[in-house]
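The values are calculated or read from the model by the stated rules, or taken from the named source; none is laboratory data. What you see is a predicted model, and the numbers here were worked out from it, not measured in a lab. Virtual Cβ from ideal backbone geometry, glycine too; neighbours counted across all protein chains shown. Each accessible area value is taken on the protein alone, full model and side chains, heavy atoms only, with ligands, DNA and RNA left out. Shrake-Rupley method; radii C 1.70, N 1.55, O 1.52, S 1.80 Å.
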Amino acid sequence: GAGVSQSPRYKVAKRGQDVALRCDPISGHVSLFWYQQALGQGPEFLTYFQNEAQLDKSGLPSDRFFAERPEGSVSTLKIQRTQQEDSAVYLCASSLAGDFPLTQYFGPGTRLLVL
Amino acid sequence: GQQLNQSPQSMFIQEGEDVSMNCTSSSIFNTWLWYKQDPGEGPVLLIALYKAGELTSNGRLTAQFGITRKDSFLNISASIPSDVGIYFCAGRSGAGSYQLTFGKGTKLSVIP
């Protein structure tokens, strides 16, 4: 079966540009997570959706970061006015139920490079 | 953000050797997880631990949930070349929490 997919896989942006990163979770998965992984670091939590509701956005580093999941399936992470420190891999994960992170399935990530 | 203390940062071993890595935290976790990440891919879950003192195996992998709930270790026995990758520990702090806190990873290289 299909896993979590993310697009684009690679994105190069000029500083100040807006970018949009897409995540297609596993069909039927209720919960969706976004993580940011800087080079040489572990993933860091950004935000969490249960269906279309964004229940936690405490990990978003600034108000330039915005995530949505309007129909409870596909999610988009948008970064406005990108800065060099935004360069990282952005990972999306989905799970059948929000209470069990052990079942979080990760996508391959989008590698964002801001020049 | 908070990250767990994971060691060693990297290790080079001969094929067939056993490997041990660990993870510590200043905070208590109720769940410990171990993931492996290959280049260009997302992390893949290897083992999940739910109780203090629990010892769980998955093939050549064995992991333990520390009694203090502030640490965990992962052992890989008889390493093979495909064990190469970055291993991450991750913790979940409570039943109502869905956030995972990750370590910085241990990069494993296996010399054939």
### Query
Ignoring ligands, DNA and RNA, what percent of the accessible area of region B:26-112 is carbon or sulfur (1.4 Å)?
57 percent
### Query
Which whole-number percent is the relative contact order of chain A (Cα, under 8 Å, 6+ apart)?
36 percent
### Query
When the Karplus curve 6.51 cos²θ - 1.76 cosθ + 1.60 is applied with θ = phi - 60°, which whole-Hz ³J(HN,Hα) does each residue of region B:10-27 get, with x for Gly and Pro?
8, 8, 10, 9, 7, 3, x, 6, 8, 10, 9, 9, 9, 9, 10, 9, 7, 10
### Message
If R₀ is 45 angstrom, what is the calculated FRET efficiency for the pair B:E17 and A:D63, using the beta carbon separation as r and rounding to 0.05?
### Response
0.35
### Summary
Computed for B with A: buried accessible area summed over both chains, 1.4 Å probe, rounded to 100 Å², at 1800 Å²
### Query
Using θ = phi - 60° and the Karplus form 6.51 cos²θ - 1.76 cosθ + 1.60, what ³J(HN,Hα) does each residue of region A:27-35 get, whole Hz, x for Gly and Pro?
4, x, 6, 7, 9, 9, 10, 10, 10
### In Å², nearest 10: area of A:S7 left accessible to a 1.4 Å probe
50 Å²
### Query
Do you know which residues of region B:71-112 lose at least 40 square angstrom of accessible area in the protein assembly compared with their chain on its own, with a 1.4 angstrom probe?
B:R92, B:Y98, B:Q99, B:L100, B:F102, B:K104
### Karplus-derived 3J(HN,Hα), 6.51/-1.76/1.60, for each residue of region B:81-93, Hz, glycine and proline x
x, 6, 6, 4, x, 10, 9, 10, 8, 8, x, 10, 7
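Taking every DSSP beta bridge with both residues inside the protein assembly as shown, roughly what % is antiparallel (nearest 5)?
Looking only at bridges with both residues in the protein assembly as shown, the antiparallel portion is about 85 percent.
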### Query
At a 1.4 Å probe radius, carbon and sulfur cover how many percent of the accessible area of chain A?
50 percent
### Summary
In chain A the DSSP beta bridges are antiparallel at a rate, in percent to nearest 5, of 90 percent
### Task
Run the numbers on region B:15-112 and let me know its relative contact order in percent, using alpha-carbon pairs under 8 Å that are six or more apart.
33 percent
### Summary
In Å², rounded to a whole number, the accessible area per residue of chain B with probe 1.4 Å is 47 Å²
### Query
Roughly what % antiparallel, to the nearest 5, for the DSSP beta bridges in region B:6-112?
85 percent
